[in-house]
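Take a look at the structure below.
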Amino acid sequence: MADLLTRLEGRERHQLDEIQSAQARLESGTFGVCEGCGDAIPLSRLRALPWARHCLTCQARDEHR
Ligand SMILES: [Zn+2]
C-alpha cells in the first residue's frame, strides 16, 4: 500500500487525501456538513463530489478570495 501511495502524484494523491478525510468525517458524523457555514451540503453536490468540504456558496467565496 505504501508503494502505491508513493506512485500517486499531484492530483491523484490529493484526491486520496480528500477521500480519507471524507471517511474520517463520515465516522465523526460531520460528513456532508459545510466547513464554512455549517449548513448541510446539497446531496446533488455530494454526488458529484463526495469529498466536498464546502457548500457551493462557500466554495465560490473561497475561489474569489
Ligand atoms: Zn457553506
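Given the conditions (1) away from the ligand (no atom under 16 Å from the Cβ); (2) of a type in the set (Asp, Glu); (3) in a loop (DSSP other than H, G, I, E, B), report the number of the one that Asp3 does not fulfil.
(3)
Would you mind stating whether Gln59 is polar (S, T, N, Q) and either near the ligand (Cβ under 10 Å from one of its atoms) or loosely packed, with under 12 Cβ neighbours inside 10 Å (or both)?
yes
Return the residues of the stretch 20-65 that are in a helix (DSSP H, G or I) and basic (Lys, Arg); say none if nothing qualifies.
Listed by number, the residues that qualify are Arg25, Arg45, Arg47, Arg61.
Matching residues to (1) in contact (Cβ under 8 Å) with a residue 12 or more places away in the chain; (2) away from the ligand (no atom under 13 Å from the Cβ):
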| site | (1), (2) |
| --- | --- |
| Arg7 | no, yes |
| Gly36 | yes, no |
| Pro42 | yes, no |
| Arg45 | no, no |
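Readers should treat all values here as calculations from the given coordinates under stated rules, not as data from a laboratory. If you're wondering where the values come from, they're calculated on a predicted model, not measured in any experiment. When we count neighbours, we look across all protein chains shown, and the Cβ atoms used for this are built from the backbone with ideal geometry, even at glycine.
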